[in-house]
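Inspection log for the structure reproduced underneath, given as structure tokens.
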């Protein structure tokens, strides 16, 4: 039987506060069981979020001996989200999140509250991963099934792409009112969500002004490079450890 963790234990493992844990339950990122007035969380759920669950294999190029350095990358991602005021997440080449999404919009949270919305998001991220390529240079603009847009910059480890740094949940330009109305009606019907809630949440989606386009693109690429720097340093560290181990065995 899967071990059950308390809210405090989840906080310690994910390095987040109590409010964030409850928000993750609300938007579907974390599954829990309410026993009386207390929440309990399966260990496997938390392991999945941290990227160490055996059910979710890390890409081989991401140093399989230790797995993806989620904690270090999460710190960079959270900082980027705070400075840019955009939602961010790192996904692998199958579209699976390697980090916990930062600063998600209320619109995204509404979509995620529906099982069909969660599946739609996974499908969109899988598409982003397939379309992303270092050959394109810089960052690429993607649009998810819900109409939210993302900038994606490839993450390489030893010259092999292992993931994508996504900054998004914005509009690259103001949406056409008629097209927006049709989109919200479709999303409401597809995911069984109140239209009024979607309309209200859509008004809070950031719109990136044209004057900021280059800046946001460059910052997204810089964040991806920062992640790659962590991967290089980690590889160098592991190689030095191996050299020490080899010398010890020779002695």
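Listed by Cβ neighbour count within 10 Å, with the fewest neighbours leading, 27, 200, 92, 17 appear as 17, 200, 27, 92.
Using alpha carbons only, the radius of gyration of segment 145-210 set against its Kirkwood radius gives Rg/Rh = 1.12.
Between residue 75 and residue 210, take the C-beta separation as r, use R0 = 30 Å, and let me know the FRET efficiency to the nearest 0.05. Efficiency at R0 = 30 Å is approximately 0.45. By the count of other C-beta atoms within 10 Å, a proxy for reagent exposure, 72, 144 are ordered fewest to most as 72, 144. As a rough footprinting exposure proxy, the listed residues 39, 125 were ranked by other beta carbons within 10 Å of their own, and the order from fewest upward is 39, 125. Label sites at residue 22 and residue 190, each approximated as a point 7 angstrom past Cα along Cα to Cβ, lie 3.2 nm apart. Of the two radii for segment 95-150, the radius of gyration is 0.98 times the Kirkwood radius, both from the alpha carbons; that is the Rg over Rh value. Seen through its C-alpha gyration tensor, with square-root eigenvalues sorted a ≥ b ≥ c, segment 101-232 comes out prolate because a/c lies at 1.5 or above while a/b is bigger than b/c. Here the simple spin-label model places points 7 Å from the Cα toward Cβ, and for residue 31 and residue 199 these points are separated by 3.5 nm. Summed over all non-identical Cα pairs, the Kirkwood treatment of segment 63-140 gives a radius of 13.9 Å. Can you figure out the FRET efficiency of residue 136 with residue 82, using R₀ = 30 Å and their beta-carbon distance, to the nearest 0.05? It comes to 0.60.
The distance separating the Cα centre of segment 217-231 from that of segment 72-144 comes to 15 Å.
All of the numbers you see were taken from the coordinates with simple rules; none came from a lab. All values derive from a computational prediction rather than experimental measurement. As a convention, Cβ positions derive from the backbone with ideal geometry for all residues, glycine included, and neighbour counts pool all protein chains shown.
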